[in-house]
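In what follows, a structure is listed as structure tokens, so that the remarks can point back to it.
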Amino acid sequence: MAHPLRKIILFICFISVLPMAAERGRNDSLWTVYRNTSLPDTSRLQAINFIAQSYRGNKPDSAILLAGQELTLAGKAGRTGYMAKAYVTMAIASKNKSDYGKAIEYNHAAIKAYETIHDKKGMGICYNNLGNIFKHEANYPKALEYILRSLKLREETGDKPGEAYCYVNIGVIYALQFNFQKALGYQFKALEIFEKEKIKDGLGTSYDNLAGFYTNMGEYSKAIVYYNKALVVEKDINDVQGVGLCYEGLGDVSKKLNDYPRALNYYLEELGIMKQIGNKQSIAVSFVNLSELYLKLGEFQKAIQYADSALQITGKISAIDQERLAYESLSEAYARQNKYKEAYEYQVRFKKLTDSIFSTENSKQLGDLKTRFEVEKKETELEAKAKAEQEKLQAIARVEKKKQQFIIGAFIAGLTLVLVFVFFIVNRLRITNKQKRIIEKQKAVVEKQKQETE
């Protein structure tokens, strides 16, 4: 299979909350802050966190060491959030070293820390990272499971950049299953968000992936356009690994166009960069690229040499996809030298690993996971809609109740006024009648006195 698809697996970066790289001058200032023990712990943690993250791609061992210092300081200060960030940095750096076991361990530690402080956004980052690791190991159902978990959390928290990276990864998984139309759909969906949010590393990722998709679809002119776009972005943000992967992609296209000398130059450039940063996964890919290129050139011993070099790495890092392609290259190299026994043995190994990756069961699991996610998402939407309707009905009921209470209150108030008025009238009549009786009595007395006088 063509190299761009393998490169897609490598290119998708782990997502973090800070930039990928920092300028040397800024790092010097941050070191000054970190070493000043009189400053608040928060300031020192921010400084060491940024420095550690700046080394994840180019100097992963340094990143792990610095993140360990961050972890110690955060533990003493009781800052769980920074402990989680330190674990994330260690996970990304370990992944860049192709130490997937450690990367998985650090991501789970980060998830545990984020759960403690109820940080869904942080958990979403870790789930996406885990999805990337399983994608590198060609365990696509497991990869999709974690990426969908990440997408769900990011939708809940309104994390649009995070959603975009999930779309990138889902698109890559479809591409790895040769469904390029769906892969393009998800990639352009992610690209739209990256452009709107002005996320440069996301733009670089999307451009490179689109180039890889178009290469596999045979649309080489589009592939070259997107690789060059990606190269500009990666150089701009000083992402050395990203630059190396762009060189690999351009090498792939050059090979497709039968421009083997240019392809060889690009592949050697990429190999030099990956050796510099110690990315074993990418080094293995470079070896396979060179092995297949030398097959094209008819230099079979060099092809065997590079394929063997790839196998020495893949066995240590569980890079199944590169392992199977190295077997394929060896099979072809021996067959073209009429060494059919060796060719058959390597072809059997290639076929076995290929079947394990692209099995019907794997495809079914991927479909089931996607369906389950859509169902859960729909259920969540329906629950939210039902809750909104219930709240609306409750609001209407509260308004009606207040209205009834007002009417009853007004009626009672009116009745009270009527009663008061009636009481006043009755009392007034009673007083008037009393006065009338008194006057009549007085009149009778006066009449009697008058009669007596007469």
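The values are calculated or read from the model by the stated rules, or taken from the named source; none is laboratory data. Bear in mind that the values here come from a model prediction, so they are computed numbers and not experimental data. As a convention, Cβ positions derive from the backbone with ideal geometry for all residues, glycine included, and neighbour counts pool all protein chains shown. When the accessible area is computed, the model is the full protein with side chains, heavy atoms only, and any ligands, DNA or RNA have been set aside. Shrake-Rupley method; radii C 1.70, N 1.55, O 1.52, S 1.80 Å.
Things worth noting here:
- Of the trypsin sites (Lys or Arg not before Pro) found in the stretch 244-310, none is in coil by DSSP with at most 12 other Cβ atoms within 10 Å of its Cβ.
- Accessible surface calculations at 1.4 Å, restricted to protein heavy atoms, place the stretch 317-361 at 55 Å² per residue.
- Accessible surface, the stretch 120-199, averaged per residue in Å² (probe 1.4 Å): 34
- Only protein atoms count toward the accessible area here, which uses a 1.4 Å probe; on the stretch 68-224, the carbon and sulfur part of that area reaches 50 percent.
- Accessible area ranking (1.4 Å probe, heavy atoms, ligands and nucleic acids excluded), largest first, for Thr72, Thr205: Thr72, Thr205.
- In the stretch 143-240, taking the dipole from charged Cβ atoms about the Cα centre, the farthest positive-side position among Ser150, Ala223, Gly204 is held by Ala223.
- Compactness of the stretch 222-372, expressed as Rg and Dmax over alpha-carbon positions, Å: 17.0, 50
- Applying both filters, DSSP loop and at most 15 other Cβ atoms within 10 Å, to the GluC sites (Glu not before Pro) of the stretch 122-221 gives Glu219.
- Computed about its Cα centre, the charge dipole of the stretch 180-333 is approximately 140 debye, with only Lys, Arg, Asp and Glu carrying charge at their Cβ.
- Within the accessible surface of the stretch 239-358, defined with a 1.4 Å probe on protein heavy atoms only, the carbon and sulfur portion equals 48 percent.
- Rounded to the nearest 20, the Cβ-based charge dipole of the stretch 72-163 about its Cα centre (Lys and Arg +1, Asp and Glu -1) stands at 220 debye.
- Compared with the rule-of-thumb size 2.2 N^0.38 Å for a compact globular protein, the stretch 74-127 has a Cα radius of gyration ratio of 1.06.
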